[in-house]
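Everything on this sheet refers to the single structure shown next.
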Amino acid sequence: MTALGFLGREFGPTSEADWVIIEDGRDQLRETNRETRFALSNGFLGVRCTQAINRPPRQLAPPYTSVAGLFDTTDQEPANPSLVPAPDWMQVRLAVGGESLSHHAGDPDAHPLTLDLRRGAVLSRSRQLHASGVSLDLRMLRLVSLAQRSVGLQRLALEVEAGEAEVTLEAWSEGANVGLEVERQDQALGVWRTRRSGKGLAMAVTASLTLDGQDLAPTSTGPFSWAWTWRTRPGQVVRLLRLVALTRSDAGGADPGDGARAALGGATRLGWRGLVAEHEAAWADRWRASDVEIEGDPDARQALRFAAYHLNGAANPLDERVSIGARALTGQDYRGHVFWDTEIFLLPFYTFTWPEAARALLMYRFHTLDGARAKAARMGWRGALYAWESADTGAEATPEQVIGPDRKVIDVLCGRQEQHISADVAYAVWGYWLATGDEAFLLDAGAEILLETGRFWASRAELGDDGRRHIRAVIGPDEYHQGVDDNAYTNVMARWNIRRALDVAAMLRERWPQRWAPLALRLGLDDAELKQWSIVAQTIETGLDPKTGLYEQFSGFFDLESIDVADYAGRSVPMDVVLGRERIGRSQVIKQADVVALLALLPEEFPEDTAAANFSCYEPLCGQGSSLSRSMHGLAAARLGDSAKALRYFRETAATDLADTHVAIGGGVHIAALGGVWQMAVLGFGGLSVHVDGIGLAPKLPAGWRSLAFSVQWRGRHLKVRIDQASKRLEVTLTSGEPMAVFVDGKRRELRRDGPLVVATGSAARGCDPRAIGAALPHL
């Protein structure tokens, strides 16, 4: 066996094409997009992957490592928290006589980068040449461990193809000089502190190199730096192994250096093969729980696996003090801040496939509840108003001004007016409780979140002269219109939130009176206040016209200028840039799903055929100015039975991060859009819904999809669902757990371990009427 053949087996990717993303060649203008797409993450560490060998000195964006929760505030006032970049630990330089080797510029296939979704690893290959005749074939494996989240691994192998010369390989780290102050540093360990927040970061590194299987001592060393020099000959095989461990401590916490040393020591003892095996086993567990299989559409299958890869890599069930930012740990856009994206677009994926991760993300909201209370009190209301942009403390982190596309300064009002975030958090809490039945979470955290957000809305809704409660001066999901009154999404979600708060109060009083009494006492919550909440919920203005069945997006929306968005098809910029901020605010052009988002989240609020009427009204008005929008439209369209339109939205959403379109992804993946891809497939085409005593399935597959299969969890049970369109057959298998109910075609069926549930389906398949859920909720 040749050396190259051995290397190929060691560094080869998964063989199935739809488990890998491959890009050949190098385009500097798109390099930041590629760094994002091929990012590695495990919920604690995030690494953007690009050229790691003889990296050019001037790059569009310097490399770095993201560490979840490593926030510090800026020097400007008002101080605004941002994720602080940690050092890049993957740099390698190869040189002959002090001159760097160069990539083979003439061969576009000489530099493939491969994202192996199944293994959670990035593989690369390149050829390095030198005028002396030296030619090297290099292969690299990079990963951040899903089993030991503080650990990263870089494995490099090179074969000398031709030439004899003195070659030097340097491995070093850099980039710890931005936002971090050194406490101590030696060759293998560095400890830093953030300047204002006082958070600690430690990095421990070890590196070794073998030449034809024999250890080669470094010729020079320095802080995080090693260099080896040897004379090449054809056929030589050189291997570099670098292991790194990073740990974070919060202000006043223990010295992170001890943790980094301990993590690195454990990784070293396990060995690189053990680390890789452990990491791949952890990914295999995640894929068993979250893979979505499609027959008949390989592009859709790969898009779903790409989405699930980044979703699985974004969460850390072991740390409930952090959440997932708008770009996860794959880029610096939005400074690592957390939005409603997490609860509305991501939580369904975790709730149904990884409840432990969902719980940790919701516990982050519990730990930041005091910040939400403080914001509500500061603005003159009761209860909890969550920050529109949140970092580590829960304090409002939305910038007050930004520079717009036209280079003008824009006042940002979202931090004060986009208040639906509190109802969004409550929605996720309730959805998690319904799907998991996690009593400990409900009693320890979830009930308090529901009660305090319900209290906020009860105080926020103002009694008008018409006898109705109004929520004035808000921004709904459609951020083109600011300071509006009675936004339908906000008001209906607020009403829903208050009702769920009343439900949980009644539930605790009935089922856990020993927990209800001290909680009500601590919150100062009495029967008179609860009665007032009920009155508020009954009288909130929703904008629903009983004659037409249409919700008015906000008061006065239908009086605004009508503009045909279709006239601007093919534009390369958002509609607010085309029309200008002032005109778009006076028009019916919508930035993103608003009433349609309400339809996707609360279908029970759309009686009879009003769902289709509202979708038909609002879909043509939407300029799709947010990466969040298309997935909401796709989910609503799928549930309405328009699978062709839903599939178009599915493909457009998937292309956001997978295709080099006009959407720039250099700032990180659009993690909410990726969550939306999963929702469109499973909740939309698969028709999955959760009920008080089971799950519902109402499949409506697109033409061309022969079958759809996925796994879900419900209250400690594990299920496999397969929908076969050709044979019109639905099969549900209970792989673990007690018998349960499955609703298909509105009919309750029993699912047991003794065999799969097989049901004939048709194009008119319907799940259980979602309006039946609300009435049953208090009796959970």
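The values are calculated or read from the model by the stated rules, or taken from the named source; none is laboratory data. None of these values were measured; they are calculated from a predicted model. Glycine also receives a Cβ, built like all others from the backbone with ideal geometry; neighbour counts cover every protein chain displayed. Accessible surface is based on the protein model in full, side chains and every heavy atom, while ligands, DNA and RNA are left aside. Shrake-Rupley method; radii C 1.70, N 1.55, O 1.52, S 1.80 Å.
At 1.4 Å probe size, what's the solvent-accessible area of His718? Round to the nearest 10 Å².
For His718, the solvent-accessible surface is approximately 70 Å².
Convex hull volume of the Cα atoms in segment 291-376, per residue, in Å³? Write out the running numbers ahead of the final one.
Values: hull volume 8.6 nm³, N = 86.
Value for segment 291-376: 100 Å³ per residue.
Top to bottom by accessible area (1.4 Å), largest first, where do Ser290, Ser562 land?
Details: Ser290 5, Ser562 95 Å².
Result, largest first: Ser562, Ser290.
Using a 1.4 Å probe on the protein heavy atoms only, what accessible surface does Arg706 show? Give it in Å² to the nearest 10.
Around 140 Å² of this residue is reachable by solvent.
Give me the percent of accessible area attributable to carbon and sulfur for segment 522-604, probe 1.4 angstrom.
Details: 1940 of 4000 Å².
Taking all protein chains in place, segment 522-604 shows 49 percent carbon and sulfur surface.
Suppose the Debye formula is applied to equal point scatterers at every Cα of segment 592-657; what is log10 I(q)/I(0) at q = 0.15, 0.29 Å⁻¹?
Listed by q, the Debye log ratios stand at -0.40, -1.38.
Could you give the length gained by full extension between Arg515 and Glu439, i.e. 0.36 nm per residue of separation minus their alpha carbon distance, to one decimal place? Present the calculation step by step, with values, prior to reporting the outcome.
On the way: separation 76, 0.36 × 76 = 27.36 nm, distance 1.16 nm.
In short, 26.2 nm is gained.
Taking the Cβ of Ala473 as the centre, find all other residues whose Cβ is under 13 Å away and add up their charges (Lys, Arg: +1; Asp, Glu: -1). Kindly include the intermediate steps, with their values, before the conclusion.
Numbers: positive: Arg416, Arg460, Arg472; negative: Glu418, Glu462, Asp485, Asp486.
So the surrounding residues net to -1.
In percent, what relative contact order does the chain have, based on Cα pairs under 8 Å that are 6 or more apart in sequence?
Values: 1705 pairs, mean separation 79.9, N = 780.
About 10 percent, as a whole number.
Can you list the HN-Hα couplings for segment 137-146, worked out from phi with the Karplus curve (6.51, -1.76, 1.60; θ = phi - 60°), rounded to whole Hz and with x for Gly and Pro?
Ordered by residue, 3J(HN,Hα) equals 9, 10, 9, 9, 10, 10, 7, 10, 5, 7 Hz.
Determine the share of segment 312-359's accessible area contributed by carbon and sulfur atoms, expressed in whole percent, with a 1.4 angstrom probe. Working shown, then result.
Numbers: 570 of 1300 Å².
It is 44 percent, rounded to a whole number.
Can you tell me what percent of all Cα-Cα pairs in segment 288-447 are more than 23 Å apart? Could you put the intermediate results ahead of the total?
Working: 5453 of 12720 pairs.
Everything past 23 Å amounts to 43 percent.
I'd like the carbon and sulfur percentage of the solvent accessible area for segment 374-426, probe radius 1.4 Å, heavy atoms only, ligands and nucleic acids excluded. Don't skip to the end; give the middle numbers.
Numbers: 1170 of 2290 Å².
Taking all protein chains in place, segment 374-426 shows 51 percent carbon and sulfur surface.
What span do the alpha-carbon atoms of segment 700-745 cover on each of the three principal axes, reported in whole Å from largest to smallest?
If we take the Cα atoms of segment 700-745, the spans are 34, 19, 13 Å.
Can you tell me the length gained on complete extension of the stretch Arg752 to Ala659, counting 0.36 nm per residue apart and subtracting the Cα distance?
29.2 nm
Give me the dipole magnitude in Debye, nearest 20, for the chain about the Cα centre, with unit charges on the beta carbon: positive for Lys and Arg, negative for Asp and Glu.
Values: 85 positive and 98 negative charges, 259 e Å.
For this selection, approximately 1240 debye.
Round to a whole angstrom and tell me the spacing of the C-alpha centers of segment 175-254 and segment 428-464.
46 Å
Counting every Cα pair in segment 114-194, what percent are over 14 Å apart? Please list the in-between numbers first.
Details: 2423 of 3240 pairs.
Value for segment 114-194 (Cα pairs over 14 Å): 75 percent.
Just reorder Thr539, Thr73 by solvent-accessible area, largest first, 1.4 Å probe, all chains present. Mind dumping the intermediate values first?
Numbers: Thr539 30, Thr73 50 Å².
Highest to lowest solvent-accessible surface, that is Thr73, Thr539.
For segment 117-248, calculate the relative contact order in percent as a whole number, restricting contacts to Cα pairs under 8 Å that are 6 or more residues apart. Walk me through the numbers before you get to the answer.
Working: 296 pairs, mean separation 35.7, N = 132.
That works out to 27 percent.
Report, in debye and to the nearest 20, how large the dipole of segment 306-352 comes out about its Cα centre when Lys and Arg carry +1 and Asp and Glu carry -1 on their Cβ.
Details: 3 positive and 5 negative charges, 22 e Å.
My answer is approximately 100 debye.
At a 1.4 Å probe radius, which order do Tyr309, Tyr334 fall into by accessible area, largest first? Could you put the intermediate results ahead of the total?
Numbers: Tyr309 5, Tyr334 115 Å².
Result of the area sort, largest leading: Tyr334, Tyr309.
Over the heavy atoms of Asp545, what accessible area does a 1.4 Å probe trace out, to the nearest 10 Å²?
60 Å²
By how many nm would the segment from Asp75 to Arg729 grow when fully extended, if each residue of separation counts as 0.36 nm and the alpha-carbon distance is taken off?
On the way: separation 654, 0.36 × 654 = 235.44 nm, distance 6.09 nm.
Here the segment from Asp75 to Arg729 would lengthen by 229.4 nm.
Under a crude label model (7 Å from the Cα following the beta-carbon direction), how far is Ala612 from Glu561 in nanometres?
3.4 nm
Suppose the Debye formula is applied to equal point scatterers at every Cα of segment 150-303; what is log10 I(q)/I(0) at q = 0.16 Å⁻¹?
-0.97
Taking the chain on its own, what percent of its Cα-Cα pair distances exceed 54 Å? Write out the running numbers ahead of the final one.
Values: 37106 of 303810 pairs.
Of all Cα-Cα pairs in the chain, 12 percent lie more than 54 Å apart.
Suppose all protein chains stay in the model; what accessible area per residue would a 1.4 Å probe give for segment 540-608, in Å²?
Working: 3230 Å² over 69 residues.
Ligands and nucleic acids excluded, the figure is 47 Å² per residue.
What whole-number value in Å² describes the accessible area per residue of segment 270-379 for a 1.4 Å probe?
Numbers: 3490 Å² over 110 residues.
Heavy-atom SASA per residue in segment 270-379 reads 32 Å².
How large is ³J(HN,Hα) for each residue in segment 30-45, as worked out from phi by the Karplus curve 6.51 cos²θ - 1.76 cosθ + 1.60 (θ = phi - 60°), to whole Hz, x for Gly and Pro?
These are the phi-based 3J(HN,Hα) values: 10, 5, 5, 4, 5, 4, 5, 4, 9, 5, 9, 7, 9, x, 10, 10 Hz.
Based on alpha-carbon positions alone, could you give the equivalent ellipsoid semi-axes of segment 521-607 from the gyration tensor, as √(5λ), descending, whole Å? Mind dumping the intermediate values first?
Working: eigenvalues 266, 53, 35 Å².
Computed over segment 521-607, the values are 37, 16, 13 Å.
So what J values fall out for segment 693-708 if you push phi through Karplus, 6.51 cos²θ - 1.76 cosθ + 1.60 with θ = phi - 60°, rounded to Hz, Gly and Pro as x?
10, x, 10, x, 9, 9, x, 9, 6, x, 4, x, 7, 5, 7, 9
In deg cm²/dmol, rounded to 500, what helix-only [θ] at 222 nm does the chain give when every DSSP H run of at least 4 residues adds -39500 (n - 2.57) and the total is split over its residues? Mind showing how you got there, number by number?
Details: 21 runs with 248 residues, N = 780.
Counting only the DSSP helices, I get -10000 deg cm²/dmol.
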